[in-house]
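One structure below.
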Amino acid sequence: MATYPYGQGYPGSAGQAPGAPQGGYYAGGQYGGGLPPGGSYGGPAPGGPYGPPTGGGAYGHPTPGGPPSGAPGTLHGGGSAPGGPYGQPSTNPYGAPQPGPYGAGAAAGNIPPGVDPEAFSWFQTVDADRSGYISVKELKQALVNSNWSAFNDETCLMMINMFDKTKSGRIDLFGFSALWRFIQQWKNLFQQYDRDHSGSINFSELQQALSQMGYSLSPQFTQLLLSRYSQRAPNPTIQLDRFIQVCIQLQSLTESFREKDAGMSGSVRLSYEDFLTMVVTRML
């Protein structure tokens, strides 16, 4: 018998992760269309074992006056943005990028309907082989954290798989535009919980973030997450790429568990193979 008191997951519209295509990483999912198996991401009955979010505003939408948004990650198509990872010569790692070839955009008439103009400009830079698609390798080369470290392979592969409608291991312009918005919103959330503006999330910040997302998790489990996904250090922290990975994996596994918990009790009885199947099928 496995018992886990856990939360709604993602406060906001149906508990949806910010910018994520609803059902987008399930077979047959479209950008913004369809629902994942079992229904919406966060719809427990009021007062149920999953619990409502404890506050902090709609998920993915920082409170007014919060840190400014900029290029997600940030992107740097083959050359370092001047001054720092977000392009601003400042001690604040979240500074907005300076005007330049990456942010200039393209003529409006060349941008397909539904594609973010800034994402269109970045796509031209990131698509190094001019194939019309972005691979995991190209995405990894284009994204950096606030400490200049590249996004890890696992997170890049996870995000490609989430937005790859053709299951080809790469994304087209429309998929990249959706991914662009997805990373922007995750970056906004990351900044919201990075209370000390250090460019990373520490234990107390992660504990608060998970609590405000609606999860009821022990400090011991939060410490386990931090130890698993951070580099060894006296005071371990995680960067944006690992923050995205932790939250998406936690949400995905929570949804899978909830599908088994028909009575919304917070407990399920699973065979060994059912457990393995649940975990493997949710590994993005």
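The values are calculated or read from the model by the stated rules, or taken from the named source; none is laboratory data. Quick caveat: nothing in here was measured; it's all calculated off a predicted structure. Note that we place each Cβ from the backbone using ideal geometry, even for glycine, and neighbour counts take in every protein chain shown. The accessibility values were calculated without ligands, DNA or RNA, using every heavy atom of the protein model including side chains. Shrake-Rupley method; radii C 1.70, N 1.55, O 1.52, S 1.80 Å.
Based on the Kirkwood radius over alpha-carbon pairs, what is the Stokes-Einstein translational diffusion coefficient of region 117-281 at 20 °C with 1.002 mPa s viscosity, in µm²/s?
122 µm²/s
Please state the relative contact order of region 117-281 as a whole percent: Cα pairs under 8 Å, 6+ residues apart?
Numbers: 148 pairs, mean separation 28.3, N = 165.
It rounds to 17 percent for region 117-281.
Could you order peptides 135-147, 230-242 by the average number of other Cβ atoms within 10 Å of their residues, highest first? Mind showing how you got there, number by number?
Numbers: 135-147: 20.2, 230-242: 17.0.
My ranking of the peptides, most packed first, is 135-147, 230-242.
Can you grab the distance from the C-alpha centre of region 158-175 to the C-alpha centre of region 115-155, Å, no decimals?
12 Å
Where the accessible area of region 117-281 is counted over protein heavy atoms with a 1.4 Å probe, how much of it, in %, is carbon and sulfur? If you can, show how the numbers build up before the last one.
On the way: 3880 of 7330 Å².
For region 117-281, the apolar C and S fraction of the accessible surface comes to 53 percent.
Once you charge only the Cβ atoms, +1 for Lys and Arg and -1 for Asp and Glu, what is the size of the charge dipole of region 117-281 about its Cα centre, to the nearest 20 debye? All intermediate terms of the calculation are to be shown ahead of the outcome.
Values: 15 positive and 17 negative charges, 16 e Å.
Using Cβ point charges on Lys, Arg, Asp and Glu, region 117-281 gives about 80 debye.
Distance in nm between label sites at Glu154 and Leu224, each 7 Å beyond Cα in the beta-carbon direction?
1.4 nm
Could you give the length gained by full extension between Ser204 and Glu259, i.e. 0.36 nm per residue of separation minus their alpha carbon distance, to one decimal place?
Values: separation 55, 0.36 × 55 = 19.80 nm, distance 3.00 nm.
Working it through step by step, the gained length comes to 16.8 nm.
Could you pull out every one of the aspartates and glutamates with an alpha carbon less than 19 Å from that of Lys187, ignoring same-chain neighbours closer than 8 positions?
Cα-Cα hits under 19 Å: Asp116, Glu118, Asp153, Glu154, Asp196, Glu205, Asp241.
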